[in-house]
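Engineer: If you scroll down you'll find the structure; I have some questions about it.
The values are calculated or read from the model by the stated rules, or taken from the named source; none is laboratory data. It should be emphasised that the depicted structure is a prediction, and the values quoted were computed from it without experimental measurement. Cβ placement follows ideal geometry from the backbone for every residue including glycine, while neighbour counts extend to all protein chains displayed.
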Amino acid sequence: MKNKSIIYVLLFFSNLMMATVSLPNFFSNGMVLQRNSEVKIWGWANPKEELIIKTSWDNKEYKTTGTNQAHWEISIPTPKEGGPYTITIKGYNEVVFSDILIGEVWLCSGQSNMEMSANWGIENGEEEIKNANYPLIRFFAVEKAASSSLQNNLIGSWQTCTPETMKHNSAVAYFFGKRLQEDLKNVPIGLVVSAWGGTPAEVWIPRIVLEADKELFEEANKRPSSEYGPVKPGNTFNTMINPLVGYKIAGVIWYQGESNVGSNRYDSIFSTLIQSWRTLWGYDFPFYYVQIAPYFMGEEHFSGAILRNAQRKTLKVKGTAMVVSSDIATIDDIHPKNKKSVGMRLANLALVNLYKTNQDLVNSPLFNKIEIKKDKVYVYFDYAEGLHFKDKKEVSFEIAGADNKYHPAKATIKNDIVIVQSNKVKEPVKVRFAWSNTSQTTLVNKSNLPASLFESE
């Protein structure tokens, strides 16, 4: 970690000492810029140095000047999808970037399930690798680093999707990008992958933001050190997200949660992360995430369920959507191998909600409300069209009375409403569904997407 910090210090000071025009590493040959937008480009130069930026897609020149802090930035309009293009930046020296594509850019972040590559081991991995020739899909993999101070550059490079590059990059990101391109046709896709296995959400949140919530900050600082990655608040945000702030993105996909199992405030932590990133970027981009899969968490039967429920409750944040993965995992593997379904489900959310290329039912059934009628509880779900039990029977519903003691309940479906009752609870007040660490249920909608667990309040 010390060596990484030294590298970042050298990266920063080399920009100043060279007294030449330079840019962060993600501005480089092969990059993807967001289409139909105003994209910000920035870097370093001498104070008062005049810069001329020329873009080949419109053959226009744009001018800016270095500040007293040796910094410069400019916003440039981008056209519809296309490329390859070039950008020339001329000051006392000249920088030329080539093979630039204009398309859709997504930030892909989280922990090991986002990191996990085809080479690591996924379903049908060899066949997927062999067929991964997509010159209009580009990866930018951010190298892992952590620091207690904010950084302005990072290590990484743009790579065109080939079998050789795909097998070492995020499988979820790849399948997400591939599915987007199927519907968006010839639109280039840029996938900026910034993920680190074993990291809690707090390390991806600006420290100053966490400090504003005393309870969250105290909880974050109680984490013991980990062999898997950093645990201090903000330390991966500083190095792996902050340098990217301002790089125009269409949205974020996120796959994380296992390292926060045991927290009773994950919905607050996660909501804070989403809102802090949006604030820094200056707009409310879509944020689509994966609910962690059922997994045996040890003797505690509900810690994983509580975390998954917190993820469900985070859907109250505007512009979010969640993939439920309970049907495509095994309870004995914290790294489910079916990354294709996860990536495709994330992409389907974007295609319906953002790009509006179709009107398919792409959300899992999500708890809405209950109505109590004598000894029966009527459970209403959103996205419940065609609601049914795949195995004709469902044993994951429980109901409780005023004593808060849950009992298994019989469940039937009528008009996409689940009706539950138990002869042990004459006056029910609460319902919960799939409330265990390992529950894999059979309740699905017409798209065969599984319902999320829940506990009524």
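Engineer: For segment 172-225, give me the residue count where each residue is out of contact with any Cys (no Cβ under 8 Å at 6 or more places or on another chain), closer than 21 Å to Val261 by Cα and among the aliphatic types (A, V, I, L, M).
Structural biologist: 6
Engineer: Condition check: under 24 Å from Pro294 (Cα atoms), of a type outside the set (Ser, Thr, Tyr) and touching a residue at least 40 places away in the same chain (Cβ under 8 Å). Does Phe397 satisfy that?
Structural biologist: So Phe397 does not fit the description; no.
Engineer: Just to be sure, is Val379 crowded, with 16+ Cβ neighbours inside 10 Å, within 20 Å of the chain's Cα centre (by Cα) and either over 28 Å from Ala173 (Cβ atoms) or not assigned by TED's automatic domain parsing to the domain that holds Trp435 (or both)?
Structural biologist: Working: crowded, with 16+ Cβ neighbours inside 10 Å: yes; within 20 Å of the chain's Cα centre (by Cα): no; either over 28 Å from Ala173 (Cβ atoms) or not assigned by TED's automatic domain parsing to the domain that holds Trp435 (or both): yes.
Criteria not met by Val379.
Engineer: Output the residue which, of all residues in segment 243-256 that are touching a residue at least 60 places away in the same chain (Cβ under 8 Å) and not in a strand (DSSP E or B), is surrounded by the fewest Cβ atoms within 10 Å (Cβ to Cβ).
Structural biologist: Gly246
Engineer: Further question on the same structure: Quick one: how many residues across segment 237-268 are within 16 Å of Phe285 (Cβ to Cβ) and either hydroxyl-bearing (Ser, Thr, Tyr) or in contact with an Asp or Glu (Cβ under 6 Å, 6 or more places away or on another chain) (or both)? Full working, then the answer.
Structural biologist: Of the residues in segment 237-268, the ones within 16 Å of Phe285 (Cβ to Cβ) are 241, 244-254.
Adding the requirement that they be either hydroxyl-bearing (Ser, Thr, Tyr) or in contact with an Asp or Glu (Cβ under 6 Å, 6 or more places away or on another chain) (or both) leaves 247, 250.
Residues meeting the conditions: 2.
Engineer: Looking only at segment 191-214, count how many residues are touching a strand residue (DSSP E or B) at 6+ places or on another chain (Cβ under 8 Å) and of a type outside the set (S, T, N, Q).
Structural biologist: Total meeting the criteria: 5.
Engineer: May I pose another question? I'm trying to understand the selection: among the residues of segment 292-310, which are closer than 21 Å to Lys340 by Cα and either acidic (Asp, Glu) or surrounded by fewer than 23 Cβ atoms within 10 Å (Cβ to Cβ) (or both)?
Structural biologist: Scanning segment 292-310 gives a single hit, Tyr295.
Engineer: What number of residues within segment 262-284 satisfy the criterion of being assigned to a loop (DSSP other than H, G, I, E, B) and either free of Cβ contacts under 8 Å to residues at least 40 places away in the same chain or surrounded by fewer than 18 Cβ atoms within 10 Å (Cβ to Cβ) (or both)? Can you show your working first?
Structural biologist: Taking segment 262-284 first, the residues assigned to a loop (DSSP other than H, G, I, E, B) are 262-265, 282-284.
Okay, now just the ones that are also either free of Cβ contacts under 8 Å to residues at least 40 places away in the same chain or surrounded by fewer than 18 Cβ atoms within 10 Å (Cβ to Cβ) (or both), so 262, 264-265, 282-284.
Adding up the residues that qualify gives 6.
Engineer: Determine which member of the set Lys63, Lys54, Lys40 is touching a strand residue (DSSP E or B) at 6+ places or on another chain (Cβ under 6 Å), loosely packed, with under 14 Cβ neighbours inside 10 Å and assigned to a strand (DSSP E or B).
Structural biologist: Residue meeting the stated conditions: Lys63.
Engineer: Being of a type in the set (Lys, Arg) and either in a loop (DSSP other than H, G, I, E, B) or under 20 Å from Asn445 (Cα atoms) (or both) is the filter here, so list the residues in segment 374-417 that pass it. First the steps, then the outcome.
Structural biologist: As a first pass, look at segment 374-417 and keep what is of a type in the set (Lys, Arg): 374, 376, 390, 392-393, 405, 410, 414.
Result: Lys374, Lys390, Lys392, Lys393, Lys405, Lys410, Lys414.
Engineer: Is it fair to say Phe237 is farther than 20 Å from Lys144 by Cα, assigned by TED's automatic domain parsing to the domain that holds Asn348, among the aromatic types (Phe, Trp, Tyr) and in contact with a helix residue (DSSP H, G or I) (Cβ under 9 Å, 6 or more places away or on another chain)?
Structural biologist: Considered against the rule, which asks whether it is farther than 20 Å from Lys144 by Cα, assigned by TED's automatic domain parsing to the domain that holds Asn348, among the aromatic types (Phe, Trp, Tyr) and in contact with a helix residue (DSSP H, G or I) (Cβ under 9 Å, 6 or more places away or on another chain), Phe237 comes out as no.
Engineer: In segment 368-400, which residues are under 23 Å from Leu449 (Cβ atoms) and among the small types (Gly, Ala, Ser)?
Structural biologist: Matches in segment 368-400: Ala384, Gly386, Ser396.
Engineer: Would you point out the residue of segment 391-406, among those that are among the charged types (D, E, K, R) and touching a strand residue (DSSP E or B) at 6+ places or on another chain (Cβ under 6 Å), that is farthest from Glu371 (Cα to Cα)?
Structural biologist: That would be Glu394.
Engineer: Here is a follow-up. For segment 427-448, does any single residue satisfy the condition of being part of a loop (DSSP other than H, G, I, E, B), free of Cβ contacts under 8 Å to residues at least 40 places away in the same chain and in contact with a strand residue (DSSP E or B) (Cβ under 9 Å, 6 or more places away or on another chain)?
Structural biologist: No: segment 427-448 contains no residue that is part of a loop (DSSP other than H, G, I, E, B), free of Cβ contacts under 8 Å to residues at least 40 places away in the same chain and in contact with a strand residue (DSSP E or B) (Cβ under 9 Å, 6 or more places away or on another chain).
Engineer: Asn131: more than 27 Å from Ile87 (Cα to Cα) and surrounded by fewer than 20 Cβ atoms within 10 Å (Cβ to Cβ), yes or no?
Structural biologist: Yes.
Engineer: Within segment 314-358, take every residue that is surrounded by fewer than 17 Cβ atoms within 10 Å (Cβ to Cβ) and among the charged types (D, E, K, R) and give me the one that is nearest to Gly125 (Cα to Cα).
Structural biologist: By that ranking, first place goes to Asp333.
Engineer: Moving to a separate point now. If Ile208 satisfies every condition in (1) within 18 Å of the chain's Cα centre (by Cα); (2) of a type outside the set (Asp, Glu); (3) surrounded by fewer than 20 Cβ atoms within 10 Å (Cβ to Cβ) but one, which is the exception?
Structural biologist: So the condition that Ile208 fails would be (1).
Engineer: So the check is Cβ under 8 Å with 6+ separation or different chains; which pairs have a first residue in segment 140-153 that's charged (D, E, K, R) and a second one that's part of a loop (DSSP other than H, G, I, E, B)?
Structural biologist: Close Cβ pairs (under 8 Å, with a partner that is part of a loop (DSSP other than H, G, I, E, B)) amount to Glu143/Leu154; Glu143/Ile155; Glu143/Gly156; Lys144/Trp196; Lys144/Gly229.
Engineer: Right, another one. Considering only residues that are free of Cβ contacts under 8 Å to residues at least 12 places away in the same chain and in a loop (DSSP other than H, G, I, E, B), which ones fall in segment 178-209?
Structural biologist: Selection gives Lys185 alone.
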